[in-house]
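Report on one structure; see the data block that follows.
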Amino acid sequence: MAIRVLQGKLLKSLRSYTRPLNSAVSSSVISSPVSPITFDEKHDQAVVVEKPIPVAAFGGAHVNLDDEERLFASIPTTRLLRASANLHAAAIEPFVDLGMWIMKSKLMETEVVKDIILGTIRHTFYEHFCAGEDTAAAGRSVMRLRDAGLRGMLVYALEYASDNESCDRNLAGFLSTAESTKALPPSSVSFIIVKISAICPMKLLDRVSDLLRWQHKDPSFKLPWKLDSFPIFSDNSPLYHTLEKPEPLTQEEERDLLLAQERLHKLCQKCSEVNVPLSVDAEHTRVQPAIDYFTYSSAILYNRDDTPVMYGTIQAYLKDAKERLLLASNAADKLGIPMGFKVVRGAYMSSESKLASSLGFDSPIHNTIQDTHDCYNDCASFMLDKIANGSGALVLATHNAESGRLAAAKAYDLGIGKVSHKLEFAQLFGMSEALSFGLKNAGFQVSKYMPFGPIDMVMPYLLRRAEENRGLLSASSLDRNLMRKELKRRLKAAVHLGGGAPQEAY
């Protein structure tokens, strides 16, 4: 029987349970508001702070985002120059739009043109945002990160499988990714990342999600195949995807569901064997109930002792994010299951709002970007309190400088060790380098989310990310400004002092 938790008073704002991140912390002072740089909304894009963020001192925790020389000390000048050029190009939205149009056009059907375009992309955006074409190349990228004091989250960039055959091929790739970590230094890889849509056919995820939603509407609706799980829905979770009672799974669908669960279990076992946790990415709300079901039912089986093998993902741009996090976390605690969560803002804003509107419903996304920031910080605060009390584990995936600094401040204030294996900060590979190095310099564990795979395989993945996160890079001026300042400093040093570029590889 699925686990149920009383929702009533538990579903009050997380502020009832924990002090928010933006409340007073030790002697901390944020000297000025910080421009958000992780969550793109059209009505907020004009608010961009072009100057570097000053040092913020939080008791003993210093997250310095103002000292470009120290932030980029481990990056050689040639790599810094390429990174700066790529980020500036990616910040030009019409340029990105043109690139996406070309990639989707019939021009790609002409071999010569395709080779030229992919060759250009390979040596620019692909090298900047991807870790390589195979596990060996990804391993070399991990080693460069390790030399710079960062860790890697390995992302075999596959999603949206259509049948069992493709799911089995994808699983082999994920297992190979986990196996490859044996050849790397311990703890240099922080996570293996998987999308459930890569190991379970999308049609089946749709069907399971419909059935789970209907059971939430009608608890008497029986699902004989359902395993124990944590709560998947809150009282205000969107249910408009399932407007009519769905048919039960057929015998063939139940068999396919069992196969998908077996694939995830094999991956959990492999990750446990190589001592690298597995993080399940969030996807569209249309299939997220099934993804959470896979994640939580597997966590009950594999999360033992004090260190989770399985991490779920909470998308803070969703209106029900805080309540779902609270319910799942409290259910895990009652069972004595150590549950890890990765908290992100979200990557499907455009498509989510369009779908809800087409069905005549309000968007599941927060109405304002500030609501999203508040939700993210509340979720982070709640989980940090739990870690301080000996429960749970947390990955704070954010490009937002203010959220990063506030979370670091609260972690310090709560006495959570900076190198605690229960707390990790994370940013995308090739993005928010200043925040990554600032948090690392403050003593925290920091990882980069590193998609890899052959360019033909990775490009559809990257195009979807670019389309969903349109404007994200154009609004992220912090790295571009700091890189420009550091390059100017190094140029002056080279002219006047005959050098100045660091020799470390990154």
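Is it the case that Leu184 is closer than 16 Å to Met450 by Cα and out of contact with any Phe, Trp or Tyr (no Cβ under 8 Å at 6 or more places or on another chain)?
Against the criterion (closer than 16 Å to Met450 by Cα and out of contact with any Phe, Trp or Tyr (no Cβ under 8 Å at 6 or more places or on another chain)), Leu184 qualifies.
Say we look at region 134-174 and pick out the residues that are among the hydroxyl-bearing types (Ser, Thr, Tyr) and in a helix (DSSP H, G or I); which of these is most open to solvent (accessible area, probe 1.4 Å)?
The qualifying residue most open to solvent (accessible area, probe 1.4 Å) is Thr135.
Could you tell me whether region 43-62 includes any residue that is at pLDDT 85 or above and either open to solvent by 30 Å² or more (accessible area, probe 1.4 Å) or of a type in the set (A, V, I, L, M) (or both)?
no
Condition first: surrounded by 14 or more Cβ atoms within 10 Å (Cβ to Cβ) and among the aliphatic types (A, V, I, L, M). Now tell me which residues in region 223-249 satisfy that.
Within region 223-249, Leu223, Leu227, Ile232, Leu239, Leu249 qualify.
For Pro454, are the conditions met, namely being open to solvent by 40 Å² or more (accessible area, probe 1.4 Å) and modelled with pLDDT of 90 or more?
yes
Before we move on, is Lys226 without any contact (Cβ under 8 Å) to a residue 60 or more places away in the chain, of a type in the set (Lys, Arg) and closer than 28 Å to Leu335 by Cα?
Working: without any contact (Cβ under 8 Å) to a residue 60 or more places away in the chain: no; of a type in the set (Lys, Arg): yes; closer than 28 Å to Leu335 by Cα: yes.
Judged against the criteria, Lys226 is not a match.
Have a look at Leu154, Leu150 and point out the one that is touching a strand residue (DSSP E or B) at 6+ places or on another chain (Cβ under 6 Å) and farther than 20 Å from Tyr461 by Cβ.
Just one listed residue meets the conditions, Leu150.
Scanning region 250-272 for residues that are more than 23 Å from the chain's Cα centre (by Cα) and more than 18 Å from Asn170 (Cβ to Cβ), which turns out surrounded by the most Cβ atoms within 10 Å (Cβ to Cβ)? Spell out the reasoning first.
Of the residues in region 250-272, the ones more than 23 Å from the chain's Cα centre (by Cα) are 250-259, 262.
With more than 18 Å from Asn170 (Cβ to Cβ) added as a condition, the list becomes 250-255.
Values: Thr250: 10, Gln251: 8, Glu252: 9, Glu253: 18, Glu254: 14, Arg255: 12.
Restricting to residues being more than 23 Å from the chain's Cα centre (by Cα) and more than 18 Å from Asn170 (Cβ to Cβ), the top hit is Glu253.
Among the residues of region 319-329, are any open to solvent by less than 10 Å² (accessible area, probe 1.4 Å), at pLDDT 95 or above and under 15 Å from the mean Cα position of the chain (by Cα)?
Checking region 319-329: at least one residue is open to solvent by less than 10 Å² (accessible area, probe 1.4 Å), at pLDDT 95 or above and under 15 Å from the mean Cα position of the chain (by Cα).
Having 3 or more residues that are closer than 19 Å to Leu394 by Cα is the bar; report the helices (runs of 4 or more DSSP H) wholly within region 268-379 that clear it.
Details: elements: 288-302, 321-335, 349-358.
Output list reads 288-302, 321-335.
Would you be able to say whether some residue in region 294-305 is free of Cβ contacts under 8 Å to residues at least 12 places away in the same chain, of a type in the set (Lys, Arg) and surrounded by fewer than 21 Cβ atoms within 10 Å (Cβ to Cβ)? Even if it seems obvious, please write down each step before you answer.
Going through region 294-305, the residues free of Cβ contacts under 8 Å to residues at least 12 places away in the same chain turn out to be none.
So far as region 294-305 goes, no, none of its residues is free of Cβ contacts under 8 Å to residues at least 12 places away in the same chain, of a type in the set (Lys, Arg) and surrounded by fewer than 21 Cβ atoms within 10 Å (Cβ to Cβ).
The values are calculated or read from the model by the stated rules, or taken from the named source; none is laboratory data. None of these values were measured; they are calculated from a predicted model. Using ideal geometry, Cβ is built from the backbone for each residue, glycine included, and neighbour counts are taken over all protein chains shown. Please note that ligands, DNA and RNA were not included when accessible areas were found on the heavy atoms of the full protein model with its side chains. Shrake-Rupley method; radii C 1.70, N 1.55, O 1.52, S 1.80 Å.
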